[in-house]
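The values are calculated or read from the model by the stated rules, or taken from the named source; none is laboratory data. The model shown is predicted, which means the values in this text are computed figures rather than measured ones. Here the Cβ positions follow ideal geometry from the backbone for every residue, glycine too, while neighbour counts run over all protein chains shown. Ligands, DNA and RNA are excluded from the accessible area calculation, which covers all protein heavy atoms including side chains. Shrake-Rupley method; radii C 1.70, N 1.55, O 1.52, S 1.80 Å.
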Amino acid sequence: MLRTVRKLTNPALGRFASTLVLVEHDGTSVNPATLHTITAASKLGGPIHALVAGDSCQQVAAAAAQIAGVEKVLVSESAALKGQISEAVSAVILSLQASNNYTHIMANGTVYGKNILPRIGAKLDVAPISDIIEIASENTFVRTIYAGNAIQTIESIDPVKVITVRATAFEAAASEGGTASTETVDCGIDNDKSEFLQAKLSKSDRPELAAASIVISGGRGLKNGENFEMLYTLADKMGAAVGASRAAVDAGYVPSDLQVGQTGKMIAPDLYIAVWYFWSYPASCRHEGQ
């Protein structure tokens, strides 16, 4: 596998490591991927602060305070944070960065994290580092590129590292046993650019696709959406997530949030089962069959 090294610019100021982790949540519970991001943050050394932002998130803040390794939970609660839109959450993070001068800002490598952290990188004028799978040092990180076909080692000398974490590459931190303090922060959010109206989400008791250790994925050969029911039944018995090829999604068999691969969700499970895929080339880790 090809390995490349890339150095990012902007001299860093010498200071002790400290990390702000953005907690992904649904208003009632912490997204399990956040536990993996906390583990990644712990490898950097220094204190870990967890930010819980939303319009009603006291229950989430209490749960975040129990996560092992977290020193402090920062709670930003405001009507402006309803739906956790990126403009509002970014304003909170930037305010905290201005006052606390974190060396690292981290979030899950999910749609949620990837929606917010690029904006943070632009505002701070630093290069975000996405989907890391290993931490070599405070300044050096390993990530995959070209849909997993190459591994890139990046040394960043930016003053603050803005990072998303691939959950499956790190163990989950213990969700209980922590003794973090909780602090309410008022960041005075001024957002006149966007407004949250509603969210229409598919509900499932299965693991989240991007963080699942077992994935069963269906291809175009299943011929219709009804045949995906076989995969759902098998997945429920195995505790697996269900995915689909781009061809299956384009054919309307399943919704787009099940699509895996370079144009869908990047996954790295311990076990991957592809059912009725038609591979047009050696797939390696791309999961881009039909």
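General remarks:
- Looking only at residues in region 250-277 that are open to solvent by 40 Å² or more (accessible area, probe 1.4 Å) and of a type in the set (Phe, Trp, Tyr), the one that is modelled with the highest pLDDT is 253.
- Residue selected from region 219-249 under the condition of a type in the set (S, T, N, Q) and not in a helix (DSSP H, G or I), by the criterion most open to solvent (accessible area, probe 1.4 Å): 224
- The sole residue among 90, 99, 56, 78 that is on the phi < 0 side of the Ramachandran plot and touching a residue at least 40 places away in the same chain (Cβ under 8 Å) is 78.
- Test result for residue 185, in contact with a strand residue (DSSP E or B) (Cβ under 7 Å, 6 or more places away or on another chain), closer than 19 Å to residue 21 by Cα and either at pLDDT 95 or above or open to solvent by 50 Å² or more (accessible area, probe 1.4 Å) (or both): no
- Contact annotation: residue pairs with Cβ atoms under 9 Å, 6 or more positions apart or on different chains, pairing a residue in region 176-202 that is under 23 Å from residue 30 (Cβ atoms) with a partner that is assigned to a loop (DSSP other than H, G, I, E, B) and among the hydroxyl-bearing types (Ser, Thr, Tyr), are 186/78; 187/78; 189/78.
- Comparison of 146, 102 shows that the only residue that is over 20 Å from residue 18 (Cα atoms) and among the aromatic types (Phe, Trp, Tyr) is 146.
- Checked against the criterion of being part of a strand (DSSP E or B) and crowded, with 18+ Cβ neighbours inside 10 Å, the candidates 163, 116, 120 yield just one match: 163.
- Conditions (1) in contact (Cβ under 8 Å) with a residue 60 or more places away in the chain; (2) part of a strand (DSSP E or B); number of the one not met by residue 216: (1)
- Whichever residue in region 92-110 is assigned to a strand (DSSP E or B) and not hydrophobic (A, V, I, L, M, F, W, C) and, among such residues, is surrounded by the most Cβ atoms within 10 Å (Cβ to Cβ): 108
- For region 23-48, filtering for residues that are of a type in the set (Val, Ile, Thr) and under 15 Å from residue 176 (Cα atoms) leaves 4.
- Residues satisfying the stated conditions in region 38-89, i.e. open to solvent by 10 Å² or more (accessible area, probe 1.4 Å), assigned to a strand (DSSP E or B) and of a type outside the set (Asp, Glu): 49, 72
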